[in-house]
1. Of all residues in region 1-42, how many are aliphatic (A, V, I, L, M), touching a helix residue (DSSP H, G or I) at 6+ places or on another chain (Cβ under 8 Å) and outside any helix (DSSP H, G or I)?
2. State whether the residues of region 160-167 include one that is farther than 21 Å from M35 by Cα, open to solvent by 50 Å² or more (accessible area, probe 1.4 Å) and assigned to a helix (DSSP H, G or I).
3. With the condition kept exactly as written, say whether any residue in region 68-76 is free of Cβ contacts under 8 Å to residues at least 12 places away in the same chain and under 21 Å from D135 (Cα atoms).
4. In region 54-75, how many residues are open to solvent by less than 70 Å² (accessible area, probe 1.4 Å) and either assigned to a helix (DSSP H, G or I) or among the hydroxyl-bearing types (S, T, Y) (or both)?
5. Among the residues of region 43-53, write down those that are among the hydrophobic types (A, V, I, L, M, F, W, C) and either part of a helix (DSSP H, G or I) or in contact with a Pro (Cβ under 9 Å, 6 or more places away or on another chain) (or both).
6. Out of the residues in region 83-113 that are more than 13 Å from the chain's Cα centre (by Cα) and buried (at least 23 other Cβ atoms within 10 Å of the Cβ), state the one that is modelled with the lowest pLDDT.
7. Any idea how many residues of region 114-124 are more than 17 Å from L138 (Cβ to Cβ) and open to solvent by less than 40 Å² (accessible area, probe 1.4 Å)?
8. Open to solvent by 70 Å² or more (accessible area, probe 1.4 Å) and under 18 Å from the mean Cα position of the chain (by Cα): does that describe T4?
Amino acid sequence: AYITYRYADNLRRGLGLVYNPGEWVLGTTTPLLAMGLGTLGLIIPDLEAAGHWVGVISWIVAAWAAMALLWQAGWPRAGLVGGLFLAVEPAFLPSLGMETHLLVALMLAVAWAWLGGRSWLTMLLAAALLLTRQDSALWLLVLGLAVWRREHALPWREALGSILVASPWLLFAWW
């Protein structure tokens with residue numbers, strides 16, 4: 001978490017999204033969280049506290065998304081149990097301040113949106129997921145295969161839309 005906090009602090013101070021000022025190397029695994037904390041740091045200077053509260057809010061969203069996903073699938077009791085279990089998951093507590101909670105919340109929200117046929121929301125959430133962790137592309141691939149299995153059509157529009165939304169950052173980071 002402290003690597004991301006340092007990137008966020010340098011961004012907040014106007015030094016760019018860098019670990020060491022003047023060295024343009026992307027070393028954070030979660031650029032969306034680093035940029036979000038850098039922006040939030042303009043209001044809440046204590047980045048550890050800001051990261052903690054982003055984690056708490058993401059944890060709540062993850063529990064809601066788990067519940068909503070299962071309700072949408074027609075399993076309302078499982079949704080209540082799943083949402084409750086995620087809400088009281090003790091393993092989440094030590095990782096507050098890291099990207100884990102945001103990543104899980106976005107993964108579940110993308111699944112809820114995509115499997116619910118909410119194309120535009122899916123594209124935006126999937127792009128946010130890619131910007132949170134690039135390896136989450138594997139999760140999007142699994143969801144795409146699930147949609148293909150259910151609908152016998154690949155979700156090209158959602159995939160291309162997500163890539164287009166995320167591509168400016170991905171190109172900048174590559175450059």
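The values are calculated or read from the model by the stated rules, or taken from the named source; none is laboratory data. Everything numeric in this text was worked out from a predicted model, so none of it was measured. Here the Cβ positions follow ideal geometry from the backbone for every residue, glycine too, while neighbour counts run over all protein chains shown. We work out accessible area using only protein heavy atoms, side chains counted, and drop any ligands, DNA or RNA first. Shrake-Rupley method; radii C 1.70, N 1.55, O 1.52, S 1.80 Å.
1. 5
2. yes
3. No; the residues of region 68-76 include none that is free of Cβ contacts under 8 Å to residues at least 12 places away in the same chain and under 21 Å from D135 (Cα atoms).
4. Qualifying residue count for the region: 15.
5. If the condition is that a residue be among the hydrophobic types (A, V, I, L, M, F, W, C) and either part of a helix (DSSP H, G or I) or in contact with a Pro (Cβ under 9 Å, 6 or more places away or on another chain) (or both), then L47, A49, A50, W53 are the ones that fit.
6. Applying the filter and picking the extreme gives G97.
7. The qualifying residues number 3.
8. no
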